[in-house]
Each structure stands twice: as structure tokens, then as C-alpha cells.
1. Evaluate segment 177-193: report whether one residue or more is under 24 Å from Ala323 (Cα atoms) and either modelled with pLDDT of 85 or more or not β-branched (Val, Ile, Thr) (or both).
2. Do any residues in segment 518-532 that are under 14 Å from Arg508 (Cα atoms) and among the basic types (Lys, Arg) have Cβ atoms under 6 Å from those of residues that are in a strand (DSSP E or B) and open to solvent by 30 Å² or more (accessible area, probe 1.4 Å), where the two are at least six apart or on different chains, and which pairs are they?
3. Determine the pairs where a residue that is within 21 Å of Asp480 (Cβ to Cβ) and open to solvent by 10 Å² or more (accessible area, probe 1.4 Å), located within segment 439-455, has a partner that is of a type in the set (S, T, N, Q) and part of a loop (DSSP other than H, G, I, E, B) with Cβ atoms under 7 Å apart, the partner being 6 or more residues away or on another chain.
4. What residue, among those in segment 251-307 that are among the basic types (Lys, Arg) and closer than 25 Å to Arg318 by Cα, is surrounded by the most Cβ atoms within 10 Å (Cβ to Cβ)?
5. Would you tally the residues in segment 42-90 being more than 28 Å from Leu110 (Cα to Cα), open to solvent by 60 Å² or more (accessible area, probe 1.4 Å) and touching a helix residue (DSSP H, G or I) at 6+ places or on another chain (Cβ under 9 Å)?
6. State all residues of segment 200-222 that are in contact with a Lys or Arg (Cβ under 8 Å, 6 or more places away or on another chain), more than 13 Å from Ala254 (Cα to Cα) and at pLDDT 85 or above; if no residue qualifies, say none.
7. For segment 417-438, enumerate the residues that are closer than 14 Å to Ile551 by Cβ and free of Cβ contacts under 8 Å to residues at least 40 places away in the same chain.
8. Please determine, by comparing only the residues of segment 86-131 that are in contact (Cβ under 8 Å) with a residue 60 or more places away in the chain and basic (Lys, Arg), which one is nearest to Ile328 (Cα to Cα).
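The values are calculated or read from the model by the stated rules, or taken from the named source; none is laboratory data. Please read all numbers here as calculations on a predicted model, not as lab measurements. Glycine gets a Cβ as well: all are built from the backbone with ideal geometry, and neighbour counts include every protein chain shown. Side chains included, ligands, DNA and RNA excluded: accessible areas come from the protein's heavy atoms. Shrake-Rupley method; radii C 1.70, N 1.55, O 1.52, S 1.80 Å.
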Amino acid sequence: MISAGPPAPASTPAPVSTPAPRRDRAPGERRGDEPLPPLLVGTRRWYLAGLIALALVRAGASVLAAALAGRLVGAAGTGAPVQGLLAAAAAAVVAVGASVFAERLVAEQLGQDYIHELRVKLVRSTLDSDRSRSAGVTIARSTNDLTAVRNWVAQGIAPLVAGIPLVVVTVVWLSLTSVWLGAAVGLPLLLLVAVLLLLSRPAFERARTVRRARGRLAAQVADTVHAREAVRFAGGSAREARRVDRAGQRVVEAALSRARITGVLRSASMVAPIAASIGVGLLASSGRVDAATASSALMLAGVVGAQSTEQGRVVEYRQNFRAARRIIAPVLSEAGPSATGAGAARRGLGGPGTGQSAPSGSAGASGQAVELTRRPADGGGDAEPLLEAVPGETVRLVGGDVQVDAVFHELAGLAPGRAACRVAGVDLAAAGPRERRRLVGYASSGMPLERGSILRAVRYRLPDADDDEARAALAAAGADPEAWERTLPQGLRTLLRNGGQPLTPGQRAQVHLARAVLGTPPLLLLNRIDADLDAAGRRALRALVRGYPGIVVLASNGSDGTGGAGEAAPAGEGPQGDGPEPGARVVVVPD
């Protein structure tokens, strides 16, 4: 156990284990087979029911209009009154137009409602995931891939739902009128279905290729823009432009390859209704059907033709959706720290890290203690205690960046699959975000700031804090709030963009530090925050750490204050370098 108690040779801790695996797949299940959140829940079930009802109304009104058109043709030259037929035909036309208008609105509502849910879950999953992702890939997922999902839900499902009843009713009505008419219209449609089924798989594969190429291009562009200054100073603008050009050319080639398949799909969907109309014309010219029946059949063929033209796009939307789902679904299925089965992870750890959480209001030094336990690397046995500390103590982590960062994640309760941390008796993995924010403050060097005002950034951990508390936290972090009010464009209400501009790196670090200490959380984690501070900022940081009433766990780029490799110097002794607390107890994190 590694302890921050009295000086003593610390036993060697277990190596930092790899991050917990994401959701296990069933045997034979491939990446991308994970399902998306259900579509037909809540009000969306009513939207789909409305689409089906509107489709039936449109199909019935279309058949009625065609039948009335045939009767009008048959009444020509007979002198029979046609006012009633005209009124009924007009009503049928209005019903078709109104149903199409309503279908579009309901379909869009269905698609937007679903996409809104996916977008929020996608961003939440990306934020909570242990994996680091390119901003370009995330943007591509939240725009291009979600657009593919929306197109299928709003413009794919709706024509499919609307088209099937219309085609079935039309073919049945024509077959009852004349078997020859049913065959003339039905056979081209059957051939169209065969072509769509035959090309659906190639369309899916080429849609996947396009999306992979777009994702790589988006990541390339985002990373290049992010490294703009380094590229400019190294004279690499032309080279980076060529790399983007090559990635873009791959997107062009993949898109053209997909266009060949979608072109065949759309041409087949256009040819089928034309062939049906020619078939009806041949039947009329041969005398197998009379002119009135042929007129009705031609009108229905035109209506069905509009729907069959949609079916080519439906197949395209469907395959694009499937390709997008293989990209989005695994991201949504990744259980982030706040969304995982924390209870299961907690039960698997056993030992001191398990059991019921103590009330959040525990008081006293023992009640505010920190205890970190980690599951053995082989997954067997009880959890091993790694670190214990009580209020007023400062623990300094020394080791490789990856290993130290892993320990900070564990202390913050963000790695429930491999470790458990209890602060003031509360298991952080089981605590909600509000409770975790109250118990732990974290500041690290190089972290971007969210878009918003400076005061919002300081209060981000504790949104209920007021402006005066935020200003006091900034002062404790070594900033001068009054000077910031005078020199920044809108003072402390200046809008931060691009990760924290227009603040300097040192000012951004002070904002992160102020956020971490706001409310004086029992556990304060400082991950090399001194690297972004100037000499005055580091002096303010040392004063803050020395007077902090809770537990401070830190890593530093400054002088470590150790007397030798892995040996902690007594408190108050050793070199007084630029680190946040040269007299802190040192814990060496092994590789």
C-alpha cells in the first residue's frame, strides 16, 4: 500500500493496469453491429402511426382519383352529368395533396426528434469516454453521419411506409380490373425490387468507404488547423496542403464509385414506371382494355411511378444509414465513467473500496480521508489498497506521464473498471456528477477551456456559486480579478473561444486552478498545473497548497524535492524549487 502518512519505505504498488475494456460483444458480433437507441419510443411511435395512416389515405385517394378519371373519360360524349364526378375528383386530389404535405411534416418531426436524441448522446459519450478522439472525427459524426441517419428516418422510412400501401393497392385494383393491367404494371415493379435488392450490398460497402475517407479527411484538416503555428514556423504549409489534397482526392474517388451504384438505382427506379406506362398503352392499342380503363391505369401508373422513383433514393438512404450506424453505434455503446454500470465495477473491486457510501456530509479528519484501491492486473483476488491520506496532507506523484495521468483518473473516479476511490466515505464511481464535483477539484496543464464567459468557466464545477465566490477563487489562484476587469475586452464576462482565447496560457491555468479550489473540495488534484504558470503564479500556487485544509495530490514539472530515487525528503527539507510543494511526500508511480 502506498501511504501519504508518516515517512516510511513504501511498498511497490501494482503496475498501472490498462483501461477497462468497453462493452463485450457477443460471439460472432462485429464492431458496428451494436444497435442504436430505439426509434419507436414515446411520441415517435405516434409519429410513425400517423405516417402509416396518411399513407393509407393517400393510397385510397389516389386510387379513387384514378377511378373517377376513368369514369370522366367514359362519360365523354354521352351527355351524362359529370358535376358530381368532378367534385369527388377534386376532393380526392385535395386529399392526396394534403396527405403528402402532412407526411413531410410528420416525417421531419420524427427524424429531427430522433437525431436530437442521438446528437446529445453522441456528445455525452465522447466527453465521458476514456478514449481521445480527433475533433474532426467528432464533428463528422455529429454532422455527416447523423445527417445520414436523419435522411433514412425522415426521407427513407416515410416513402417506404407511404409507397408500399400505394403500390399494393394499385396493383390489386388493376388486377381486379384486368389481369393484363395488373401484369403490365406489376412486372416492371417486381424487376425494380430485384435490382434494388441486388445492388443494396454494393451500395452499403461503397457508402462505408466514403464515410471512412471523409472521417480521415476531417481528422486531417482538424489536426492540421490545430497545429497551424507549428506548421507556419516550420514552413510546412505547402506540404500540409498536399496531404489534405491527397486525402480529399480519396474522398472524391470513393464518392464517384458510390455514385455509379446510386446512379443505377435511380435510373432503374425511373425506368420501371415508364415501362409500366408503355405496357398499359400497348394493352389499350391492342384492344384488351377500353379507353376509360386505360386512362385510369395510366394515371395510377404515374402516381406509382413517383413512388417507385423514391424507392431508389430509399435504398441509397438505407445503405448510408447502415454505414453511419457502424460508425456511431460503437461510440454510443461505449460506457463512459458516468454511464457505466458503476455498481458492477464496484462489486468487482471488493475490499475497502466496496460497501455502501457514507453520507456526503461526513465530518472530521477521518470522515474526509481519501482511499484509493485498485483491482489486480490479472483480474483475480481482492482489490489492493494503493493510497490513503487525511486532510492537511500533500502527496506528490512522480513517474511517467501516462502512469501519473492514469492515477489522477483513478483518484477522480473516472476509471471505475480498474480502481475505486473513496473521498469522505463516498465511492466516486457510484456518486453522481454533482456529488463528485463537490468532492474533487482538478486542474491540469494544457487543458482547453469551454466556450463561455470567464466567470462561467470558474464556476463550471459548482454552477450554483456566485460571482463573488468566483472572484475570490481567482484571487486564491494568484490572479488579479480587478486587473482582469480593466484589461480584458468585457472584463470577467469576456467570452472565451478556441479553448480559452484571449487569455494567456498562464491565465488559463489560473482559471483552471480557481475552478478546482472553488468550494474547497476535500480532494484537490493538481496535474502539472505549475508548467503553465510564471514565477509569481508558482509562488501563489505553493502558498495555496501549503495552506489548503483538504488533501492535495499533485504532480509537478518543477524541482521534486527528493533526496534520491524514490525516497521522500522530510517535510520542510530538501531543495526549494519551483514545484508546488517541495516538502510534499513523494510517491513514485512505477512504469
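1. Narrowing segment 177-193 to residues under 24 Å from Ala323 (Cα atoms): 192-193.
Subset that is either modelled with pLDDT of 85 or more or not β-branched (Val, Ile, Thr) (or both): 192-193.
Yes, segment 177-193 has at least one match.
2. none
3. Cβ pairs passing all conditions: Ser453/Thr494.
4. Step one: of segment 251-307, the residues among the basic types (Lys, Arg) are 258, 260, 266, 288.
Restricting the remaining residues to those that are closer than 25 Å to Arg318 by Cα gives 258, 260, 266.
Numbers: Arg258: 23, Arg260: 10, Arg266: 17.
In this case the residue turns out to be Arg258.
5. Residues in segment 42-90 being more than 28 Å from Leu110 (Cα to Cα), open to solvent by 60 Å² or more (accessible area, probe 1.4 Å) and touching a helix residue (DSSP H, G or I) at 6+ places or on another chain (Cβ under 9 Å): 6 in total.
6. Listed by number, the list holds a single entry, Ser200.
7. Hit for segment 417-438 is Leu428, nothing else.
8. So, considering only residues that are in contact (Cβ under 8 Å) with a residue 60 or more places away in the chain and basic (Lys, Arg), the one nearest to Ile328 (Cα to Cα) is Lys121.
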